[in-house]
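Here, each number is a calculation from the coordinates, and none is a lab measurement. Computed from a predicted model, the values in this text were never measured in an experiment. Cβ atoms come from the backbone with ideal geometry, glycine included; neighbour counts cover every protein chain shown.
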Amino acid sequence: MKQIYLIRHGQSTSNAGGEAQPNHQIELTDLGHSQAREVADWLTDTLGDDINSIHVSKFVRTHLTAQPIVQKTGIEPKVIDGLEEFDYLSFDKIAGTSLETRLQIAEDYWLSHQPESLTGNDAESFKNFYNRVGSVLEHFKTLEEGSHVVFTHGLWMSMLIWRILGQPGESNSDMRKFRQFEMSIRARNCEVFLLTLTDNHPPAISKVRSCEAAPSDLH
C-alpha cells in the first residue's frame, strides 16, 4: 500500500493579495513559514520516522513549505514534473494590476474560455492541466510501498480529486463545474489530504489535517 500525504503550500504572497508575480516565483508570507513549521511538526507526530520520500513541485513556495520537514528528516526533496499549480493567466495580463482586477480576470477566464485555449504564451490550457494531473497520479502508482510526503498546490489537489471522481475536462461547461467544485473543497494552506493507493482498489482520498482559515486565501 502507498500512502501519499498531499500538502498545500503555506500562505503565499499571492494568497495574501500581494503584488502580482510570475507563478513560479511566488514566495511565502511570514504566516506561510509558520504554517510550514506547524505541518512539519504534525508530520513528525503522525509518521515519526516512517517517511519514505518527500516531493515538491517546480514552484518555490512548495520548496519553502517543505524546508522544515526536510530539516527534521534529512530527506532530500525530489521535484515531480507536473506537480506545479495551474498557470492559467498569462503574466502579461496581470502584471501591475490590482487584486480586484486580477480576481475579475480570473473569473472571466473560467466563464468564457475553452479547455484548449491559452491566455498567453506563458500560460497553460485547462486540458493540459487536466491531463498532467492524471499523469502525476500514474507516477504516484510507481512509488515504493510506504508513506510519501508531497507538497503541492490548491487547484492541483482539487483537480486530483476531480479526476479520482471520474469527472470530465472536455468542455467549457466542465471547466465551470470544476471551478464550482474546487471552490467548495479547496484545501486551505497546509491542510493535508491522504491519497491511498492499493493494487486491488481504486484510489481513495480524504482530508486528514484541517486548518483555520487564513486572513486571505486566494488563487
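Some points to look at:
- Highest GNM mean-square fluctuation among Glu182, Glu84, Glu100, for the chain modelled with Cα contacts below 10 Å: Glu100.
- Beta bridges per DSSP with both ends in the stretch 2-209, % antiparallel, nearest 5: 50
- The residues packed around Pro203, meaning those with a beta-carbon under 12 Å from its beta-carbon, carry a net charge of +1 if Lys and Arg are +1 and Asp and Glu are -1.
- Note on the stretch 2-209: Rg/Rh from Cα positions, Kirkwood definition for Rh, rounded to two decimals, is 0.96.
- For the chain, the longest principal axis of the alpha carbon atoms and the long axis of helix 60-73 meet at an angle near 10°.
- Placing a label point 7 Å from the Cα of Glu212 along the Cα-to-Cβ direction, the residues of the stretch 14-55 whose backbone N falls under 20 Å of that point are 15-17, 29-43.
- Mean separation of Cα contacts under 8 Å, 6 or more apart, over the residue count of the chain: relative contact order %: 32
- FRET E, pair Ser184, Glu76, Förster distance 41 Å, beta-carbon r, rounded to 0.05: 0.70
- Residues Met159, Met183 in ascending order of nearby Cβ atoms (within 10 Å, fewest first): Met183, Met159.
- Selected from Asn200, Asn189, Asn131 as most flexible by GNM, with the chain as the system and alpha-carbon contacts under 10 Å: Asn200
- Counting other Cβ atoms within 10 Å as a rough exposure proxy, the listed residues Cys211, Cys190 run Cys211, Cys190 from fewest neighbours to most.
- Considering only Thr97, Thr73, Thr119, the mean-square fluctuation computed in a Gaussian network model of the chain, springs between alpha carbons under 10 angstrom, is largest for Thr97.
- Paramagnetic label reach from Asp41 (point 7 Å along Cα→Cβ; backbone nitrogen cut-off under 15 Å): within the stretch 66-99, residues 68-69, 72.
- Degrees separating the helix 99-112 axis from the principal Cα axis of the chain, which is the longest one: 80
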